[in-house]
Each structure stands twice: as structure tokens, then as C-alpha cells.
1. For region 195-309, list the helices (runs of 4 or more DSSP H) that sit wholly inside it and hold at least 1 residues that are of a type in the set (S, T, N, Q) and under 19 Å from K65 (Cβ atoms); which are they?
2. Among the numbered conditions (1) in contact (Cβ under 8 Å) with a residue 40 or more places away in the chain; (2) not hydroxyl-bearing (S, T, Y); (3) not in a helix (DSSP H, G or I), tell me where P102 comes up short.
3. List, please: which pairs have Cβ atoms under 7 Å, are six or more places apart or on different chains, and start with a residue in region 318-341 that is over 21 Å from Q162 (Cα atoms) and end with one that is polar (S, T, N, Q) and open to solvent by 10 Å² or more (accessible area, probe 1.4 Å)?
4. Quick one: in region 180-231, which of the residues that are of a type in the set (S, T, N, Q) and open to solvent by less than 10 Å² (accessible area, probe 1.4 Å) is nearest to K148 (Cα to Cα)?
5. Where in region 111-185 are there helices (runs of 4 or more DSSP H), lying fully within it, with 1 or more residues that are within 30 Å of D18 (Cα to Cα), in contact (Cβ under 8 Å) with a residue 12 or more places away in the chain and charged (D, E, K, R)?
6. Got a number for residues in region 260-283 being in contact with a Phe, Trp or Tyr (Cβ under 7 Å, 6 or more places away or on another chain) and either under 28 Å from Y218 (Cβ atoms) or open to solvent by 30 Å² or more (accessible area, probe 1.4 Å) (or both)?
7. So for region 48-63 (the condition being modelled with pLDDT under 95, in contact with a helix residue (DSSP H, G or I) (Cβ under 8 Å, 6 or more places away or on another chain) and open to solvent by 90 Å² or more (accessible area, probe 1.4 Å)), does at least one residue qualify?
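The values are calculated or read from the model by the stated rules, or taken from the named source; none is laboratory data. In this text the structure is predicted, and so the values were computed from the model without any measurement. Don't worry about glycine lacking a Cβ; one is built from the backbone with ideal geometry, like all the others, and counts go over all protein chains shown. When the accessible area is computed, the model is the full protein with side chains, heavy atoms only, and any ligands, DNA or RNA have been set aside. Shrake-Rupley method; radii C 1.70, N 1.55, O 1.52, S 1.80 Å.
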Amino acid sequence: MREKFPFFEAHPKLVYLDSAATSQKPASVLKALQDYYINDNANVHRGLYKLAYNTTEGFEAVRGKVANFIHASRPEEITFTRSTTDGLNLVASSFGEMVIKPGDEILVSGAEHHSNFIPWQQLAHRVGAKFVIAPVKSDGDTDVAQLKKYITPKTKILAVAQVTNVSGGLVPVRELADLVHAQGGYIVVDGAQAVPHMPVDVQAIDADFYAFSGHKMYGPTGSGALYGRYKFFEAMPPVQFGGEMIDEVQDQTTSWAEVPLKFEAGTPNIAQVFGLGAAIDFMQQLDMPQVMAEENRLVKKLRAGLSDIEDIVLYGSDESLSTVSFNLQGIHPHDLATFLDEQDIAVRAGHHCAQPLMARLGIPATARASFGVYNNDDDVDQLVAAVSAARRYFHGLD
């Protein structure tokens, strides 16, 4: 698999374990970006010449690929975004402003990434709603049982990650969707850490909105998609204005383009969309249930190896999908990550854009190793050995 990724030719000794932050890109994605600029560089939805028409056709074909990839019912239910963050902010600023009234409740888990936390916090402040945060488990996982208890007739929006970015816990979003829909509310799903690692079917999980990023699923940065039910997209007002998203502009009035173009103001990230399409082509050649099982196997092996090291604290569980967060007692995660970097091992250290979760765990940060399709047993063995060496070094045992 690594042979498909030029990055590893440039960094043959590096053990890359930070795919939850951003994945490496296969050659096919890099080629798609270059091919656009060499062969297809024209703006979309505007030009009447052949090149512009063909580029528009290719651009819209990617929308269809995204819809098929996550099992949306039609391409118009896909809005291109810059990232998961961009998509979640769009939902909060448009749909949220439309449906949330004073006294309503917006419910999140304390394990959410800031991107699925702050937009709802700020929306609640703007409209006078109540921002409700459900407790988390002691290991940092989303406490689904507690989350269910917090769903009431006042819950207008539940915002939750399908896979959490710190613990890697898989959340049964369909169960939550059924509960919140029964109370007349809506569910918004952060899919950033799910789409790269498992099959996703937005209809099967009954999501009202589902956001994800291209760069975490072997695509380019600056690419992403937001799924939304067509009837909601139709009713939602745009939040950015300018070119591309209009139907007709008069001195005092403006009408909007059809869904989803009314949410895509200005020239889009055309090259990145073509790269996203190539990433989907790459992922559809994979057996995603097998990818999910293999990455979980690596998680279990890493957790077992780390557990044998004295002073290790693990977060999440053996069922974590592709991520292992951990700490060495008495050693700051930043110092640990720096030590590992000297051994050519790249892990993330910090609060992982989840400061409310860190506060609940009573820690400032964790180290985090996260897998992609290019990782293997050797990577796990090298990380475990290096963490053990770090403990000996920092505790003066060598």
C-alpha cells in the first residue's frame, strides 16, 4: 500500500501516525490535482466555451461520486465545503438560525471536537437557547447512555461525532437519530474521523446533516462535503453572498441559485474537488470493512503493547476505530512527542481541539497515534519500543 503514496518515498524512515490530523495522499490524487491545472483549468458554471463546459461536467461528476460514496439519495444533497469545520458552521449558521428558538436545547457530548462544539455554543448564545453538554466516560469516550438520557422534547439539535477524534470511539448514531427524531429534533453528524475508516451510509444512519473533510480521507486540503436532506437545503438561507450562488440580482433584491449552488459562493476549490474525486476513486478500490477490521487490529496491538509499559495511561477502549490516545505519567505529552520525533515517529500531542474533553479528564493534553491504510505492525512495534525508551530516558533509568 505504501508504494501508492509518494510521501513514503520522500520519507522512507518516518513512522507516520498522525492520519487523524491529515492523511497522506496517493499518487492518483496528486495526479488529479496536476491534471486539472494542466488540462482543465477553467472556471465552472460560467463559461460557454468547451473547456469551461467540460470542466463543469467533471466538477459536477465529483458531486455525484460523493453522493454515491456516502449513499445520499441525490447529488443535490451534497454541498462542497473547505472542510468538516466549514460544513458544520454552515449548518449552524443557516439551519440552526432557522429552527432554534429561545428556550430550545442544543445537545452535544463533552467529547466533541471544537468544530462540532463551538458553532452550537455560539448559536445558543445568539438566539437564547440552552447549550447542553452530556457527560463523557472516564476514558474519554462518548457516554452514549448518558447522551440518550439528555434527549428530551426540548432537544432541537443533537450534534455528535460518529467517531471521536481523541479516543477513536465509534458512536451508534442511528440509535441517537431515532431518539432525537422521535422528540421532533434533528441530528447533525461530524463524520471527519469516520469516513476514512469505515463504510458510511447517511440514509442508513438517518442523518439530517453529515459533514466530512477530504484531507483526512487521502484527498487534498481545502476540500470537504456537507450532506443535507434536500428539503432542508431548499428551505435554508445562504450564509455567504457573491458570485456563483445567485439567480438574479436587482438593485434592492436578489434571488438564489438552486440547491446546492446557493451555498457555494465564489469560485470553488475546483482543483481540490477533482482531487477529492480521485480520493473517492482510491477508497472505492479498498474493502472498507476490511480496512476497518485491520485498523482496529492495529489499535488492539498498540494498546496491548503500551499497556505493558509502566506509567502508561490509555484513553478510549480496545474497540476504538483507528486512534489511540495515551499519556506517560510524569512526562508532558509535548515532551514525549518531541522524543518520538527524534526517533522518526510522528504522533500528535496536544488537546486535539477538544479542550472541554481535556478538562473533564483533568489533563492538559494527550499523545495520539492514529492509523491510515499505509500503517502496519512494524509501525506499532517501533512506537511501543520508542515510548518505552522515552520512559527510561525521562525517568533517568538508562
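1. Numbers: elements: 230-235, 270-284, 288-307.
Here the list reads 270-284.
2. For P102, the failing item is (1).
3. Between residues of region 318-341 that are over 21 Å from Q162 (Cα atoms) and residues that are polar (S, T, N, Q) and open to solvent by 10 Å² or more (accessible area, probe 1.4 Å), the close pairs are P333/N327.
4. Our first condition is that a residue be of a type in the set (S, T, N, Q); within region 180-231, this holds for 183, 193, 203, 213, 221, 223.
Still in the list and also open to solvent by less than 10 Å² (accessible area, probe 1.4 Å): 213, 223.
Numbers: S213: 27, S223: 33 Å.
Taking the candidates together, the pick is S213.
5. Working: elements: 118-127, 144-149, 173-182.
Answer list for region 111-185: 173-182.
6. From region 260-283, those in contact with a Phe, Trp or Tyr (Cβ under 7 Å, 6 or more places away or on another chain) are 260, 262, 264-265, 268, 270-271, 273-274, 279-280, 282-283; that's our starting set.
Restricting the remaining residues to those that are either under 28 Å from Y218 (Cβ atoms) or open to solvent by 30 Å² or more (accessible area, probe 1.4 Å) (or both) gives 260, 264-265, 268, 270-271, 273-274, 279-280, 282-283.
Of the residues in that region, 12 qualify.
7. To start, the set of residues in region 48-63 that are modelled with pLDDT under 95 comprises 48.
So of that shortlist, the ones also in contact with a helix residue (DSSP H, G or I) (Cβ under 8 Å, 6 or more places away or on another chain) come out as none.
Checked against the condition, which is being modelled with pLDDT under 95, in contact with a helix residue (DSSP H, G or I) (Cβ under 8 Å, 6 or more places away or on another chain) and open to solvent by 90 Å² or more (accessible area, probe 1.4 Å), region 48-63 yields no hits at all.
Every residue, every condition in (1) part of a helix (DSSP H, G or I); (2) surrounded by fewer than 21 Cβ atoms within 10 Å (Cβ to Cβ); (3) hydrophobic (A, V, I, L, M, F, W, C), yes or no:
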| site | (1), (2), (3) |
| --- | --- |
| E76 | yes, yes, no |
| L88 | yes, no, yes |
| E97 | yes, yes, no |
| I106 | no, no, yes |
